[in-house]
Structures are given as C-alpha cells and as structure tokens.
Amino acid sequence: MRRRAVAGLVTLILLFLAVVIVQLVAGDRLQARHAERAERLERARDANTAALQHMTDAETGIRGFQLTGRPLFLEPYDQGRVGAFTAFDEITGNTSDPDVLRLVAQERAAASQWLYAYATPIVNAGEADPDFPQTQRGKELFDELRAANAAVDRAVRAEQAGAAAGARTESRLAQLVFAGLGAVFLAVTLALAGWARRSLLAPLDQVRSTLHRLTVGDLGARAVPAGDPEMQAVAVSVNRLADEVERLLAADAARLVRADLRQAVAAAVRDSTDVTAGAVRVARLIGEALGADAVHGRISLDSAHGISACWPPDAPSLSPRTVRDVLAGVPGDVMAVPHVEGALAVPLGGDADCPPGLVCVVRREPGEWTAHERRLLAGAAREIEHAVRQQRLQHRQARLITELRVLDERKDAFVATVTHELRTPLTSILGYAETLADDDGELPPLHKRCVAAILRNAHRLHDTVSDLLLLDRSGASPGAGSVPVDLAAVAATVHAELEPVARSRGIGLTGDTAALWVNGDARRLEHLLRNLLGNAVKFTGTGGHVGYRVHADRDTAVVEVSDTGIGIPEADLPGLFTPFHRAANAMDQAVQGSGLGLAIVRTIVTEHGGTVEVDSKVGEGTTFTVRLSRAAVPGSS
C-alpha cells in the first residue's frame, strides 16, 4: 500500500509540476518570444521609415546645393546619406524573412544608384547648376527608391501579420496542452481519492475511534484489523500500544512515588539549616527512595570543613580503597563501585580549595540497578552538589567580606599614620627652607637653587599628603553644610591663580563664564577646578591653548575644561579616575604627578551629586565635562 500511495503521490506531483512548468515556463517563453519578434519587426519598420526620411533629407540638401551652390546644404545630405545606410543595417538585423532581406537589398541598391549616379556628380561639380542635365534622371532614381522603400514596408507588415498569426496558433496549442494536462491531473486525483477512501479512510477511522476511547480512559479498547495488510498492521500496532500503555501506567505510578522522594531529597538539601543533620536526612531519603540498605555521603564546604553522613547510623563504613576508587571516577557520572557487590556511587566535584566528595548506595538484595534508579541517584547527586557549591560560595563570600573590611581598616590606619608622620617633618622642612629662602644674606647661587628645589618638592609632598587626607575622608556629601556657590566666581579665582603659570609656559588660558549657582562647598569646588585646569596646563605644550566654559543646560550647571595637549590613550580612559593611575604617555614623557588629581575630582563631583566625563584623542587634546545640579540664586524668590 505504501508503494501504491507513494507512486500515486509522485504521479500527482509530477503532473502538477508539468502543468505549472508548461503554464509558467512554456507560456512565458512563448509570450516573451512573440513580444521580442514583434518588437524587432516594429523596429525594422521604423528603421525603413527612417531610411526614407534620411534619403529625403539628402535629396533636399542636394537640391539646395544645386540651386545655390552653398556648401551649407551639403550637411543634411551627408547626414542623410550616413543615416540611411545605418537604417538599412538595422532593418537587416531585425528581420530574418528572405523576401524582406531581398527587398532591403534592392532598396539599398536604389539608394546607392541615386547617390552615385545623381548626387555625387553634383557634389563633385562644386557649384550651382539648376540646369544640370541629370535632374530628371535623379527624380526617376528617387522615385525608384521610394517604390523600393514601400515594397520593404509592405513586406515587413506582411511578416508582422504572419508572426501574429503564428503566435495565435502557438497560444491555442499551448492552451490545448494546458487543458489536457489539467484533465489528466484531475482524473488521477479522482482515482487516488477513490482508492484512498476504500483502503485508507475506513480503516483509519476505526483506528481513530480506538485511540479516542483509549484517551478517555477505556484501556480495554482494541481495533479490529481490516483493509490492506499495511492497515491491518497499523491496527495490530495500536493494540500493542494499548497493551504498552497499561504497562507504562502501572510503572509510572511507582516512578511518581520515587520522583516525589527525589524532590523531597532536593528540598532537604536546599532548606537544611543544620548541615550535618541535613546530610543524614538526605541520606535517609535517598536510601528509602532507592530501597538501599545503606547510604554513605561525603562533602567538603572548604579545605578545613568536611561532612560525612551515613544511614542507617550502624551501617558498615566504606573502606579507604572504595573511597579512592569512587573519587577517581568522573564527577556526576553514576558508576558501579569495584569490589563492593550491589554498590552504586556518584563522585561529587571539588575545586582548588575543596576536595571532591561522593554519594554511595549499597543494596544487598540480588538484582541490577535499573536505569530509572541510576537517573534518580544522579539527579539527587546533582542537587547535593548544587547545594554544596552554594554553601561554598556563601562561606567564601563571607570570608572575602571580612578580608576586605580588614584591608579597609588597615588602609585607613596606614593613611592616617603616613600622613601624620609626614606632616610634622614637612612642617619643619618648609619652615627652615622658607627661612633660608627669605634670608637676605650672601647665599651662593648654587645654594639658592638648592633651597628653591627643597621648597618646591616639599610643597609637592605637602600637596600629596593633603590629597591623601582628602581621599581618605571622601564618601560623605556636603549635606547640611552646603551653601550656594557661584561657579563663575570660583572659576575666576582659579583663573587668576593659574594665569601666570600658563603665561610663563607660553600657553593661552581663556574662559567663558556665566553666573551659575550650585549648592556645595566652595573650597572643594575650587580644588576641583584647580585640578582640572592645572592638569590641562601641565599636559599642554608651548603654543597650546587651555580654555574653560561655565554654562547652563536646563537644570544643570556645566563646567567644560579643554586643552590642546598630549591627550589620553584610549586604553587608559577606563581607569582614569582611579587613585595613583597615570596615563602611559604621561609617564613616557616624564610629566610629574602623583595620579591623585582626577581621583579627587571624581570624589568631589560625587559628593556634590554630579557627574564627570572625559573625551580625549592622543595628540589632539582632552575635554573634561562636569555636570552639577543648579541652585536658585541667593535672595531670589
């Protein structure tokens, strides 16, 4: 039956494809061919008309030249002569009818006769001669040309009519072929439908009815074999399926009981607060679910803490050799335990800090472990391994938090100690150095330079200590101590402070400010802008420019600081605001700095609830943009 069905289906498909191909491909090709031929013949007629027009233009030019002798009239003659023979070539290229080609040859000959027997002598004479003796002969030759042209036109029209008649004939033939294929397709379809009704539909309806009864719970329903041998085999298969369903339902009831126990094991693993007691409870649940006589488990929460569970408590423990054999297996794979009859185990994975573990069940009754029992044990082992992994993560997280807290406390103590120990000797160094620098005595030039270097570097060290203290005290917002601050005034103060430095280095420093008020700490905002402008001046070479702009963007006060300096490599941008971070090109060019300035900028901006952004290209410059929330102008209502 399958062969007959396949043969019938293939026949239908082939007939359908034949109809489609003939209809689409053959029909389209016929239509395209007819259209192409009609278009070519129409171009041939147009070319024939154009040839006569070109020859008429040439004849008009010859007459004008014959009457006036002016060479200007020879231009249409030359153009017409060339155009006419081009048109003859186009006619020849667009027709294949021998009669048309013969008449075109005659028309070409008539044109050549008129040209060489009449027109060429007039042109060669080179002067006007209305009484040229061949004038009448030229008229006769041109009339012959017109007659030949008309003959070509009639022949082309006749060819067009023949082509149209042929197209109609081919179209009717194609329609007959389409109709014949359609009739064959319909006949084959009806034949297959009748055969399918007798051999397929009736037996299938009985099978459907039997399956429906089975689905509504009538497990005693069976199909009566009928029809072709194949359909009888289907009915027999349905009856076997019904028998198998009864068997599987019985087995599934037992499987559901074991699956519930597996879920209970997973719940006990996840929800247990006492790890040791939970491990014993999990071992008991696994043993009851699998009908095992003993269950052994070992897990490690970290390198120092391990848990062993055994159910029942008086079960014989595993030998060291058995433990080694199990731990040598692949974690997560169920394996038979060597040298222990009726034992099944699953190794549990470990890591660098925690040794691996295991789950082992032992059953003394004879019989192999079933595939379902193996899957159940593997699932329980996965739940246990997942819970153990979570416990490890929690322990490591708690340990890491403790270590970070200790490190933070040590950092605070270190910064406090270092800054305290540095500020006292720095104060003495600055005091004595300033005394030496202010001394009007006779210090040698070398000593004066040394004192100036001491003062300069002592001030740098003092600023670094102050920056460390500022970073150490960061994290609290200005809060209740905030007052309205005019950013324009802050910018003007910093500008006046840095302008002499910029001028001494040959750098232009310009600013564009507007009166904008923010709530904050004026001293810290001044420190922020001093760091940004100071960096811009420091990293800009002679002849460069540093500019800043303070303006409003809706409810935001914006401070932009731009320079034309060395720029910042793209790889250094992510860590730019990290303490002690310095760009690679800054270190390559030995530009002095502690790497704390931008970290302080971010700290101050964060304290004021704002944001800071940077846009930089190496060799072109850098722009820092600070955005802060605007405040109302003091005294305004």
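What follows draws every value from the coordinates through simple rules; no lab data is involved. Everything quoted here is computed from the prediction, not taken from an experiment. Glycine also receives a Cβ, built like all others from the backbone with ideal geometry; neighbour counts cover every protein chain displayed.
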Quick check on packing: order 84-96, 167-179, 523-535 by the mean number of other C-beta atoms within 10 Å, highest mean leading.
523-535, 84-96, 167-179
If packing is taken as the average count of other Cβ atoms within 10 Å, what order do 541-553, 144-156, 236-248 fall into, highest mean first?
144-156, 541-553, 236-248
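Once the Cβ-Cβ distance between Thr578 and Thr542 is put in as r, and R0 is 25 Å, what FRET efficiency do you end up with, to the nearest 0.05? All intermediate terms of the calculation are to be shown ahead of the outcome.
Details: r = 30 Å, r/R0 = 1.20.
Efficiency, from the Cβ-Cβ distance: 0.25.
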In order over the stretch 500-516: 3J(HN,Hα) from phi, Karplus 6.51/-1.76/1.60, θ = phi - 60°, whole Hz, x for each Gly or Pro, gives x, 5, 5, 5, 5, 9, x, 10, x, 10, 10, x, 10, 10, 9, 5, 10
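Length gain on complete extension for the stretch Arg247 to Thr49, per 0.36 nm per residue less the alpha carbon to alpha carbon distance? Could the numbers behind the result be given before it?
Values: separation 198, 0.36 × 198 = 71.28 nm, distance 9.33 nm.
Contour length minus the Cα-Cα distance gives 62.0 nm.
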So if each residue of separation counts as 0.36 nm, and I subtract the Cα-Cα distance between Val614 and Ala514, what length gain in nm does that give?
33.8 nm
In cubic angstrom, how much convex hull volume per residue do the alpha carbon atoms of the stretch 2-190 span?
103
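Place the peptides 285-294, 613-622, 314-323 in order of packing, highest mean first, counting for every residue the other Cβ atoms within 10 Å and averaging per peptide.
Listed from highest to lowest mean packing, they are 285-294, 613-622, 314-323.
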Quick check: net charge around Ser629, other residues with Cβ under 13 Å of its Cβ, Lys/Arg +1 and Asp/Glu -1?
0
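Roughly how big is the stretch 478-629's charge dipole about its Cα centre, with Cβ charges of +1 (Lys, Arg) and -1 (Asp, Glu), in debye to the nearest 20?
Working: 12 positive and 17 negative charges, 59 e Å.
In total the dipole reaches around 280 debye.
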Sorted largest first, the C-alpha extents of the stretch 523-637 along its principal axes in whole angstrom are 54, 29, 23
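Could you give the Stokes-Einstein D for the stretch 38-130 in µm² per second, using the C-alpha Kirkwood radius, 10 °C, 1.306 mPa s?
Numbers: Rh = 13.7 Å.
In µm²/s, the coefficient is 116.
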How large is the convex hull of the Cα atoms of the stretch 305-399 per residue, expressed in Å³ as a whole number?
108
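On a full-extension model of 0.36 nm per residue, what is the gain between Gln390 and Gln31, subtracting their alpha-carbon distance, rounded to one decimal in nm?
Numbers: separation 359, 0.36 × 359 = 129.24 nm, distance 7.55 nm.
Contour length minus the Cα-Cα distance gives 121.7 nm.
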